[in-house]
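Remarks on the structure that follows.
The values are calculated or read from the model by the stated rules, or taken from the named source; none is laboratory data. A quick note: this is a predicted structure, and the numbers were derived from the prediction, not measured. Methodologically, a virtual Cβ is constructed for each residue, glycine included, from the backbone with ideal geometry; neighbour enumeration extends over all protein chains shown.
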Amino acid sequence: MEHKQYLIKLTDDVLTQGASDLHLIAGNKPIMRVSGVLTALMSEPVLSNDDVGGLLESMVSTESKKRFFDTKELDFSWSFGDKARFRGNAYFERGSIGIALRLIPRTIRTLAELNLPQVLENFAARQQGFFLVVGPVGQGKTTTLASMLEIINQTRTEHVVTIEDPIEFLFDNKMSIIDQREVRIDTTDFQTGLQSVFRQDANVIMIGEMRTPETIATAVTAAETGHLVLSTLHTNNAAQTIDRIIDSFGATQQDQIRAQLASSLIGIFSQRLVPRTAGGLLPVFELLINNEAVANLIREKRTHELQTVIETSSRDGMIDMNRSLAELVRSGEIAVETAYAHSWNPKTLQRLL
């Protein structure tokens with residue numbers, strides 16, 4: 001197998017069939033995810049471990065390959081000219097190599113094109129504060145943040161610094177300067193890169209993922225000191241996000257981080273991608289906006305009440321996940337069964353339907 005040419009062929013298949021992901025696993029045919037469904041490419045050969053290793057070698061540097069064999073894990077990005085860009089993860093599975101590739105579109109889509117609420121523009125226009133996009137893996141969080149950053153890029157003269165692992169969407173400077181820094185290539189780690197931002201005359205900071213308490217603490221401090229900070233967390237909803245952040249700190253630090261969050265947080269946007277009846281995927285979402293009532297609940301350790309605030313504050317711009325699902329059912333965009341499958345509270349959804 002000529003690995004480089006075969007990789008190009010598979011990339012063309014991904015683009016032609018509108019796939020979001022490509023899986024290359026020893027002992028299996030190549031597998032694509034199209035509209036959320038995994039499908040094996042039956043016309044392709046079963047991949048050997050040497051095949052998958054050769055495909056990986058075609059995508060990463062010698063240094064990255066060595067790190068993979070040393071650590072058994074590797075995050076990387078790979079571009080096929082200007083046609084496609086992928087975020088990749090290589091791993092070992094029962095002693096054999098596996099690769100998961102996520103397609104990163106070259107064009108950054110607008111909020112309207114992504115079927116996301118225009119209220120997110122308001123957060124992109126903020127001069128400072130802490131804004132989080134949350135949800136499970138593979139639900140479009142990075143795509144949403146990229147769309148918000150592109151709004152800033154097109155409308156504001158700012159210095160934007162991103163810290164990513166790896167770099168995903170590529171930005172062309174427009175009104176703003178956007179410096180994209182990749183962990184292990186441009187900076188040692190998220191924490192080091194974030195601390196350096198304070199000396200780089202940055203206005204907007206995007207952290208690809210907050211993985212440690214130190215990174216979270218520095219991000220919150222950055223939001224308090226005049227920066228707009230955007231980031232992601234793998235949590236399900238707003239209340240869980242607040243609890244996850246606070247619980248990542250020791251008991252003696254929790255009151256301080258709670259107070260900092262109450263003052264610096266501007267919003268939490270939670271999203272899911274659900275199957276559309278006409279094919280493809282649509283986002284459903286929840287939006288918590290930090291107002292005086294929300295800030296008080298955070299300070300007073302009453303985060304379990306945040307869901308009620310979201311459900312009763314639509315006039316303030318907040319969006320409830322069940323209402324988002326119900327609207328799509330009423331418009332015929334998604335099936336009732338799909339809505340129930342993705343609802344956190346099916347009984348409440350039933351009343352809305």
### Task
Go through the stretch 1-114 and tell me which helices (runs of 4 or more DSSP H), entirely inside it, have 3 or more residues that are more than 25 Å from the chain's Cα centre (by Cα) and among the acidic types (Asp, Glu).
49-59
### Query
Restricting attention to the stretch 76-91, and to residues there that are loosely packed, with under 14 Cβ neighbours inside 10 Å and of a type outside the set (Gly, Ala, Ser), which single residue is nearest to residue 51 (Cα to Cα)?
83
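This table checks each residue for (1) closer than 18 Å to residue 87 by Cβ; (2) surrounded by fewer than 20 Cβ atoms within 10 Å (Cβ to Cβ).
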position	(1), (2)
157	no, yes
163	yes, no
167	yes, no
170	yes, yes
179	no, yes
185	yes, yes
195	no, yes
### Message
Among the residues in the stretch 50-62, are any small (Gly, Ala, Ser) and closer than 30 Å to residue 278 by Cα?
### Response
no
### Query
Got at least one residue in the stretch 162-180 being in the same structural domain as residue 131 (by TED's automatic domain parsing), among the basic types (Lys, Arg) and under 16 Å from the mean Cα position of the chain (by Cα)?
no
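May I ask you to verify whether residue 300 is free of Cβ contacts under 8 Å to residues at least 12 places away in the same chain and of a type outside the set (Phe, Trp, Tyr)?
On the way: free of Cβ contacts under 8 Å to residues at least 12 places away in the same chain: yes; of a type outside the set (Phe, Trp, Tyr): yes.
Here the answer is yes, as residue 300 does meet what is asked.
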### Query
Which of the residues belonging to the stretch 307-353 are of a type in the set (D, E, K, R) and under 19 Å from residue 270 (Cα atoms)?
311, 315, 316, 320, 323, 327
### Task
List the number of the failed condition for residue 211; all other conditions in (1) under 23 Å from residue 271 (Cα atoms); (2) touching a residue at least 24 places away in the same chain (Cβ under 8 Å); (3) charged (D, E, K, R) hold.
(2)
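Restricting to the stretch 200-218, count the residues that are part of a helix (DSSP H, G or I) and of a type in the set (Gly, Ala, Ser). Let's see the steps before the verdict.
Narrowing the stretch 200-218 to residues part of a helix (DSSP H, G or I): 213-218.
Subset that is of a type in the set (Gly, Ala, Ser): 217.
Result for the stretch 200-218: 1.
Quickly run through the stretch 320-351 and pick out the residues that are of a type in the set (Val, Ile, Thr) and crowded, with 21+ Cβ neighbours inside 10 Å. Show your work before the answer.
Of the stretch 320-351, the ones of a type in the set (Val, Ile, Thr) are 329, 334, 336, 338, 348.
If the condition is that a residue be of a type in the set (Val, Ile, Thr) and crowded, with 21+ Cβ neighbours inside 10 Å, then 334 is the only one that fits.
Name every residue in the stretch 125-141 that is touching a strand residue (DSSP E or B) at 6+ places or on another chain (Cβ under 8 Å) and either surrounded by fewer than 20 Cβ atoms within 10 Å (Cβ to Cβ) or farther than 15 Å from residue 232 by Cβ (or both), in order of residue number.
126, 127, 128, 129, 136, 138
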